[in-house]
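Chemist: My questions all concern the structure below.
The values are calculated or read from the model by the stated rules, or taken from the named source; none is laboratory data. The structure presented is a predicted model; accordingly, all values stated were derived computationally and were not measured. Neighbour counts are summed over all protein chains in view; Cβ atoms, including those assigned to glycine, are modelled from backbone coordinates with ideal geometry.
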Amino acid sequence: MEEKLKQQPANCLKVVLFGPESTGKTTLSRQLARYYNSVWVPEYAREYLQKKWNNERKTCEPKDLLPIAEGQMRLENELAQKTNSVLICDTDLLETKVYSEAYYLGTCDPLLEKYALENTYDLYFLTYIDTPWEADDLRDKPNHRMEMFLAFQNELINQKRPYVLVKGDKKSRLNNAVKHIDELLKKKNIEFYR
């Protein structure tokens, strides 16, 4: 089990889109992957939970979090081997930890928490709540957006993770993220091809 949550070594820059539901993480992930002609790691939880909803009409339960975390890390570890420039992660285990604590009375599975804190990334993009709420089968906290945003921001601060706040329209968000990724690529002397 532990090996399934462990981040494997990779020869690329890793950035994470991080924040509450319906704040543009997937949109920006796709834009960045296109911009850098690279790959992005989709949010495994959406696929997993949509199947659960379609088959059982049930939402996420604490027992789902470890399989979600395993699926997320499997995707990340596989896709990290397909780029040597920048890997765009639509989420990470730290985000799963925040959701676990927000939804399940402040608790998080110790194994999930361990790897959420041990796995490392070069930069987080914290997505602000200035995008319109888009309802779907899985989203359920339209009236708690600021509360959730603060939970995500506080986690980044508490864990001393490097992050940049992204807000505004799609173009502003993309330009802001590209500026910071370009600085990191230059600092790490990594080339990419558009």
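Chemist: Can you tell me how many residues in the range 113-127 are in contact with a Lys or Arg (Cβ under 6 Å, 6 or more places away or on another chain) and not charged (D, E, K, R)?
Modeler: Here the count works out to 4.
Chemist: Can I ask one more? Return yes or no: is Val166 among the β-branched types (Val, Ile, Thr), within 17 Å of the chain's Cα centre (by Cα) and farther than 24 Å from Gly71 by Cα? Please lay out each step first, then the result.
Modeler: On the way: among the β-branched types (Val, Ile, Thr): yes; within 17 Å of the chain's Cα centre (by Cα): yes; farther than 24 Å from Gly71 by Cα: yes.
Yes: the conditions hold for Val166.
Chemist: Next up: Has the range 38-50 got any residue that is surrounded by fewer than 17 Cβ atoms within 10 Å (Cβ to Cβ), among the polar types (S, T, N, Q), farther than 20 Å from Lys141 by Cα and at pLDDT 90 or above?
Modeler: no
Chemist: Given the residues Thr107, Thr83, which is the only one that is buried (at least 19 other Cβ atoms within 10 Å of the Cβ) and part of a loop (DSSP other than H, G, I, E, B)?
Modeler: Values: Thr107 fails: buried (at least 19 other Cβ atoms within 10 Å of the Cβ).
Selected residue: Thr83, the only one of Thr107, Thr83 that is buried (at least 19 other Cβ atoms within 10 Å of the Cβ) and part of a loop (DSSP other than H, G, I, E, B).
Chemist: Sticking with this structure for a sec: State which residue is surrounded by the fewest Cβ atoms within 10 Å (Cβ to Cβ) when the search covers only the range 164-187 and only residues that are in contact (Cβ under 8 Å) with a residue 24 or more places away in the chain and under 14 Å from Leu13 (Cα atoms).
Modeler: Only one residue tops the list, namely Val178.
Chemist: Take Tyr104 and tell me if it is touching a residue at least 12 places away in the same chain (Cβ under 8 Å) and closer than 22 Å to Tyr48 by Cα.
Modeler: Details: touching a residue at least 12 places away in the same chain (Cβ under 8 Å): yes; closer than 22 Å to Tyr48 by Cα: yes.
Taking the combined requirement at face value, the residue satisfies it.
Chemist: Return the residues of the range 76-101 that are touching a residue at least 60 places away in the same chain (Cβ under 8 Å), touching a strand residue (DSSP E or B) at 6+ places or on another chain (Cβ under 8 Å) and either more than 27 Å from Ser38 (Cα to Cα) or of a type outside the set (Asp, Glu) (or both); say none if nothing qualifies. Spell out how you get there, then give the answer.
Modeler: First, pick out the residues of the range 76-101 that are touching a residue at least 60 places away in the same chain (Cβ under 8 Å): 76-77, 80-81, 83-95.
Those left that are additionally touching a strand residue (DSSP E or B) at 6+ places or on another chain (Cβ under 8 Å): 76, 80, 83, 85-92, 94-95.
Answer for the range 76-101, where residues must be touching a residue at least 60 places away in the same chain (Cβ under 8 Å), touching a strand residue (DSSP E or B) at 6+ places or on another chain (Cβ under 8 Å) and either more than 27 Å from Ser38 (Cα to Cα) or of a type outside the set (Asp, Glu) (or both): Ala80, Thr83, Ser85, Val86, Leu87, Ile88, Cys89, Thr91, Leu94.
Chemist: Scan the range 18-34 for residues that are in a helix (DSSP H, G or I) and crowded, with 18+ Cβ neighbours inside 10 Å and jot them down. Steps first, please.
Modeler: Going through the range 18-34, the residues in a helix (DSSP H, G or I) turn out to be 25-34.
If the condition is that a residue be in a helix (DSSP H, G or I) and crowded, with 18+ Cβ neighbours inside 10 Å, then Lys25, Leu28, Ser29, Gln31, Leu32, Ala33 are the ones that fit.
Chemist: Among the numbered conditions (1) within 23 Å of Lys14 (Cβ to Cβ); (2) surrounded by fewer than 20 Cβ atoms within 10 Å (Cβ to Cβ), tell me where Tyr124 comes up short.
Modeler: (2)
Chemist: Given (1) under 17 Å from the mean Cα position of the chain (by Cα); (2) farther than 17 Å from Asp122 by Cβ; (3) surrounded by 19 or more Cβ atoms within 10 Å (Cβ to Cβ); (4) not β-branched (Val, Ile, Thr), where does Glu78 come up short, assuming only one miss?
Modeler: Unmet condition: (3).
Chemist: Which residue, of Glu95, Glu113, Glu70, Glu78, is part of a helix (DSSP H, G or I), over 28 Å from Asn154 (Cβ atoms) and at pLDDT 95 or above?
Modeler: Matching residue, one of Glu95, Glu113, Glu70, Glu78: Glu78.
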